[in-house]
Amino acid sequence: MKFVFFVLALIIAYLIFYERNLDYINKFISSIGYFGIFLAGVLYAYGFTSPPATALLLLLAADKNIFLGALIGGLGSLVADMFIFKTINYSFRQEIKFATMERKKYLSFLPKYVFTILGALIIASPLPDELGVSLLAFDKNLSIKYFSVISYILNTLGIFFILLIGKSI
């Protein structure tokens, strides 16, 4: 069932991006402005909504300031990532402790920051943030304050590059 929803999200992204020459779609997309960029930022963080959010960001970049758009979109992604982080950090506390012990047992040859770097790269990319946030949640020393700063900067950079590509199309 999840695969069906993901394929549906890809179809929606295709329709948003490739049917952009339709006048009513262009009018609607340009009318939502920076609020649309904020909503696309929220949707950018989740696996099933990342493809349509990326298509929406590509289209909104055409007539918007990409620097301001990246800051606003990054804020939207931060809101979504904070929800994911709190859910993972509090709901899966026992699983995180178990996984941390298993990592020490079987993956002790890897430096402990490898998962943090991998999580940061995933958050910065259009890949679903759930995995990246989960990897960052393994770091017991990472407070919500530092996580929010890292998440905002990485998502803002990722959205900026998408908006930059959208501006050049």
Charge context of N155, other residues only, Cβ under 14 angstrom, K/R +1, D/E -1: -3
For the pair F83 and I11, the simple spin-label estimate (label points 7 Å beyond Cα toward Cβ) gives in nm 2.4 nm
Quick one: what are the phi-derived ³J(HN,Hα) couplings along the range 121-137, Karplus 6.51/-1.76/1.60 with θ = phi - 60°, whole Hz, x for glycine and proline? 5, 5, 5, 6, 8, x, 5, x, 6, 4, 5, x, 5, 4, 5, 5, 5
If you average the alpha carbon positions of the range 113-155 and of the range 37-53, how far apart do those two centres end up, in angstrom? 17 Å
Along the range 161-169, what does the Karplus equation 6.51 cos²θ - 1.76 cosθ + 1.60 (θ = phi - 60°) give for ³J(HN,Hα), rounded to whole Hz, x for Gly and Pro? 5, 5, 5, 5, 5, x, 5, 8, 6
Once phi is turned into ³J(HN,Hα) by the Karplus curve 6.51 cos²θ - 1.76 cosθ + 1.60 with θ = phi - 60°, what whole-Hz value does each residue of the range 41-57 show in order, with x for glycine and proline? x, 4, 6, 4, 7, 9, x, 6, 9, 5, x, x, 5, 5, 4, 5, 5
Relative pair counts by distance (%), Cα atoms of the range 110-169, 5 Å bins: 4, 20, 26, 23, 13, 7, 4, 2, 1
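Bear in mind these aren't lab numbers, they're just calculated from the coordinates by the rules spelled out. Everything numeric here is computed off the predicted structure, so don't read it as measured data. Backbone-built Cβ (ideal geometry, glycine too); neighbour counts: all protein chains shown.
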